[in-house]
Every structure is written in structure tokens, then in C-alpha cells.
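The values are calculated or read from the model by the stated rules, or taken from the named source; none is laboratory data. Remember, predicted model here, so these are calculated numbers, not experimental data. Positions of Cβ are backbone-derived with ideal geometry, glycine not excepted, and every protein chain shown enters the neighbour counts. These accessible areas exclude ligands, DNA and RNA; they are computed on the full protein's heavy atoms, side chains included. Shrake-Rupley method; radii C 1.70, N 1.55, O 1.52, S 1.80 Å.
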Amino acid sequence: MWQIALVLLVYLPLVIGIGHYLYHVTMQKKTWLDPVMDRIDTIIFKFSGVKRVDMTGKQYVLALILSNAIMVFIGYVILRIQSVLSFNPNDIGNMEATLSFNTIVSFITNTNLQHYSGESGLSYLAQMLVITFMMFTSAATGYAACMAFCRRLVAKTDTLGNFFVDIVRVTTRILLPISFIVAMILVVQGTPQTFNANETAQTIEGKMQDIALGPVASLESIKHVGTNGGGYYGANSTTPFENPTVISNIVEILSMMLLPGACVVAFGLMVASRRKKVLFGKQGMVIFAGMGILFLIGLVTCYMAERAGNPIIDTLGITQDLGSMEGKEMRFGVAQSALFTVVTTAFTTGTVNNMHDTLTPLGGMVAMFNMMLNVVFGGKGVGLMNMMMYVLLTIFIACLMIGRTPQFLGKKIEEKEMKLIALCILIHPAIILVFSAIAVTTVAGIAGITNPGAHGLSQVLYEYASSSANNGSGFEGLADNSTYWNVTTGLAMFFGRYLAIIIQLTIASLLATKLWHSETVGTLKTDNAMFTFMLVAVVLMIGALTFLPALALGPITEHLQIRS
């Protein structure tokens, strides 16, 4: 347990420091990288023809969607013809059509759901030009959308910021520098970074084994920093080449947690800057605390469940002094595995250092529920936007109870905003439950389920929760590389990403154009401890009402079965 506490203690000062830096980048204030990056940005803008003029919310969304669509088209073509392109020393063939659709949607939406194994399914060129490139652009897109959302909440105009300027600044000033540092640490720890072909070696048993190499470290760094999650290898961060040591494991955990948490800090500073300079704005602290409480509840539950072990293993006469070690790496143990599991699903990264399909029922339920809520820090930028929907909903509910006008940061929350907020919150569970229902009632869907009973349903729920939350991890016992699963999860990823962003930016634009009202004695306070607990209660209540029946048929039933 002390390992977990140590990582969290290191995280707190890091996230505050990076949060201040994000705030300066977002508000285009001076940073220490400006003398170099300003010149690079100017070259990029001049070459691409970008005009640095402010956009309305509608223009911002349109620029986001169209730029992502162009990247999807180019990436899809590369996957379909990779066999005839360069940097393919292992002679890997073209990717099948539906798998290419699933893969390209997966990476443009920051999901990184992988129905293929990277070392055998992609050439070096595809790994770099499609996978690694989209890990940068999808992360930058999410953060740009989040900052456009936040800026409009604190501003008095909808014409604010430029998508192309934002995405370039996020990439050059945040993602590239941090990813470079993380990549260097991983290389030192033993992660490969090479263009050499695979090596063939003789094992101690006298057998021949192919050892997959490639530009692994560069992908691994942005995979975690950008909360992407897609692995270079099929087994992801369980493999020694992706995650060689305990040090690399801790670095990867911190990399996942850093920017989503820093987004909350940056938002707090944006609100507080209207009054005075602070270390951690009160409004941001309330949201961060709410997310933190949900995170700690999940972490303690998962750790205790995995530490207790599996009763069925006990009946086989196998000792479980170390806890439930099925599907876990000995070099990480239960503590590091449980922490990694909760972080990767709470911060919607999707990378894994253990096999989630082998988690105990309660441990697997925590991972699943994190993605079903999709607000426990969440992915880079979008997690904060999702939580803000619950913040606005909590304000509305609280004000109805006490007879006050719903108001946030001086802007009244009225009927039109509430309809959009309700729609935004309902889209995510609708995608998960509707697609899951179709999967368990169709021949094509059932064909992918490899486990009978409760665990089979858990596999299905997890797959669609992961897809809609843009997480990308899976209960890998599911036979998901089929036309049905490639298409349906692709649609779940697409709708889960873009419908939410469009609605959230629409809400922010509506609030931005409203008249500002000063706070009075009757205004509901949203920057105190009471509001934090109200927010957590609303999130848990809606999550339970929405998903408890499905969870009762899946992981909860499985838990009761193995304990009976």
C-alpha cells in the first residue's frame, strides 16, 4: 500500500506545477518555451495558411470535425496500402477493411481500442504516421476542445480562440516536450527505439523466437501522456519491452494522471484569475476533490478485492499470500497492478499492465464503473468537460431544492442549457446499454463472447463502456476482431467522442453570450466542501440508477457465485 501512497504524493505537486503551465499556454500568456516555440509556430501557420483570428463556437466545432475527418481519410488509406509503402522490414500485409475502420476511428477519437496486435499487424510507417501521429492530434484535439469550453465559461463572448492555433500550441508546448522526456526515461529503462527489423534468437530450451522491435519508446510516451493507451505490442504495458521496470511503471502511471488533473487546475486558475493570483483556484479544487474522492473509492475497492484473492483458487490448494496474481506481472504485484488498473480506467487511457479479464469480479467492476461514469478525471480535457455537465446539473438540482435561480460563474442556467446537459449525460449510457443489448441478442454478437454466464455479459459491457468512454482497454477474452465487433465498437467510439464534444461546446457558447450577474447572498456557492459532496452524490446516484441493473447481472452476480 505504501507504493500507492508514494505515487500519489509525488503526483500532487507535479499536477499543480503542470496545471499552472497549462493555464499560461491556454490563455496565451508568456512561457519559458516561447522564444523557441513561437518561431516554430509561425513557420507552421505560414506553411499551412492558418490565420490567427478568433472563432465562434460554431466555427470552432466545424474546424475540429473537418480536420479530424481529413486525418481519418489519410490514415485509413495508409492502413489499407501499408504493404507497398516504406519502413516495412517485416513485410506486414494490408489491414482488412472493417479492422482498418475500427482502428482509424479508435485512434482519432483517443480511444486506442485495438482489435489487432501492433507488432504483427502494422508496419513501422503505419505505427508512426497513423498511430503515433494520431496519438498526438487526438490528445491535442481533446485538450483544445476543453480549453475552448472553459474559456467560454469565464468569458463574456462566444468569439474566442482558434482551433488550429490551440491544437498547434498544445502539441508544441505541452505534448512534444513532456513526451520527449518520458521517452528518454523509458529508453534508459530498456524500452527499444529502433528501425531495425525483428531479431530471431534461440531460447534456453533450444527453440527459435522472433523478438519484435521498432520505434517503441516514442509511441509509449505519447500513449500515456496523451491518455491514448494503444500499445506497440498486443500485450500492451505488460510486456517488458513496453514497461521494463517498476520505475517505468511509475513513470507511465504519472504520465497518465498528469494532464487530465492539470486541466482541472488550469480551469481553477482561469476562474480565480478574475479576482487574484492563487496556487489552486477554489472552483478547480472543488472539482478536483470530487474527482479525487471517486478515484480513491475505486482504488481502495480494487486493491482490497485483488489483495483478498479468488476463493476458487484457494480450493485448488494454491496459496494466495500475494493476493490474486492471475494475469499479473510478478515485477509489479497486486499494489502496482491495482493502481495501474484504476488509473488507466479513471483517466480513460486504456493501457494495461495486467490482464483485466483476469481481475476479480469486484476489481473488474471498478474498472468498468470508472468508464461508465467517465468523469473520474477522464481523458485529457474531455474528462473535465464531462464532469462540468454534472457540475451544472448539481447546481440546477440544488437550486430547485432551495428555490434559487441556477447560476454558475455569473451565468444563469436556463431551460435550453438543461435540455442539452441532460442529453449529453444520457448519450454515454445509451451507447453502452443499447449496443450491449444488441450484442447479446444477435448471432454475430454472441459469437464473440467466449465466457458463459455473468462473465460473458461483463465482457460485452466492458467492451462498449471502453469504446464509448474512449478508453480502449478490454476484457481480452472477447473475440472482437470480426465485422460485427469492428463496426459496432467503431460507431460507439465515434458517437461517444463527437456527440459529447459538440453538445458541450454548444452549451459553453450559449453561456458565453448570456448577461453576467454578480453574486449575491442568495447565490448558491459552488466553491466549498458542501458542493463537493453534493457533486459526488449526484454522480454516484445517476451512475447507480443507470448501470446498477446491468452490473448486477454481470460482475456482481459473478462475485456472489464465486463466494457461494
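Things worth noting here:
- With a Förster radius of 51 Å applied to the beta-carbon distance between Phe195 and Met401, the computed FRET efficiency rounds to 0.25.
- Measure of compaction for region 2-160 (Cα Rg per 2.2 N^0.38 Å): 1.29
- Nearest-0.05 FRET efficiency for Glu205 and Thr42, computed from C-beta distance (R0 51 Å): 0.30
- In the chain, excluding the sites themselves, the longest stretch lacking any of the trypsin sites (Lys or Arg not before Pro) that are in a DSSP loop with at most 16 other Cβ atoms within 10 Å is 405-513.
- Solvent-accessible surface ranking, highest first, for Val36, Val170 at 1.4 angstrom: Val36, Val170
- Taking every alpha-carbon pair under 8 Å whose residues sit at least 6 apart, the chain reaches a relative contact order of 19 percent.
- Intensity falloff of the chain expressed as log10 I(q)/I(0), Debye formula with alpha-carbon point scatterers, at q = 0.05 Å⁻¹: -0.19
- Distance from region 449-528 to region 142-160 (C-alpha centre basis), Å: 21 Å
- Length gained on full extension, Ser67 to Leu553: 170.8 nm, using 0.36 nm per residue less the C-alpha separation.
- For Met37, net neighbour charge (Lys/Arg +1, Asp/Glu -1) across residues whose Cβ lies under 12 Å away: +1
- Sorted on the mean count of surrounding Cβ atoms within 10 Å across their residues, most packed first, peptides 469-476, 180-187 read 469-476, 180-187.
- Its DSSP H runs of at least 4 residues, each contributing -39,500 (n - 2.57), put the calculated 222 nm mean residue ellipticity of the chain at -20500 deg cm²/dmol, to the nearest 500.
- As a ratio to 2.2 N^0.38 Å, the alpha-carbon radius of gyration computed for region 2-267 takes the value 1.07.
- Net dipole in debye of region 44-103 [+1 Lys, Arg Cβ; -1 Asp, Glu Cβ; about Cα centre; nearest 20]: 400 debye
- Extended-chain gain in nm, criterion 0.36 nm per residue less alpha-carbon gap, Ser83 and Lys412: 112.8 nm
- The H on the amide N of Lys411, modeled in the peptide plane, is under 5 Å from the matching H of His517, each at least 5 residues off or on a different chain.
- Ligands, DNA and RNA excluded, the heavy atoms of Leu433 present near 60 Å² of accessible surface to a 1.4 Å solvent probe.
- Largest-first ordering by accessible area, 1.4 Å probe, given options Asp38, Asp166: Asp38, Asp166
- In nm, spacing of pseudo-spin labels at Ser482 and Lys277 (7 Å Cα→C-beta vector): 6.1 nm
- Straight-line cross-link partners of Lys282 among the aspartates and glutamates, defined as a Cα under 13 Å from its Cα and at least 8 positions apart when in the same chain: Asp527.
- Rough spin-label spacing in nm, given labels placed 7 Å along Cα→Cβ, for Val300 and Ile438: 4.0 nm
- About its Cα centre, the chain has a charge dipole of approximately 2680 debye under the convention of +1 per Lys or Arg Cβ and -1 per Asp or Glu Cβ, with nothing else charged.
- A simple count of charges around Leu22, restricted to other residues whose Cβ falls under 13 Å of its Cβ and scoring Lys, Arg +1 and Asp, Glu -1, yields +4.
- Pairwise Cα separations in region 355-484 fall into 10 Å bins from 0 onward with the following percentages, short to long: 12, 35, 27, 17, 9, 1.
- With DNA, RNA and ligands ignored, accessible area of Glu242 (1.4 Å probe; Å², nearest 10): 0 Å²
- With contacts taken as Cα pairs under 8 Å and at least 6 residues apart, region 2-267 reaches a relative contact order of 25 percent.
- Gyration tensor verdict on region 94-200 (Cα atoms; rounded if a/c is under 1.5, prolate if a/b is larger than b/c, oblate otherwise): oblate
- Cross-link pairs Lys277/Lys416; Lys30/Lys51; Lys51/Lys514; Lys51/Lys380 - those with Cα-Cα distance over 30 Å: Lys277/Lys416
- Volume per residue that the Cα convex hull of region 346-426 spans, once the total is divided by residue count, Å³: 109 Å³
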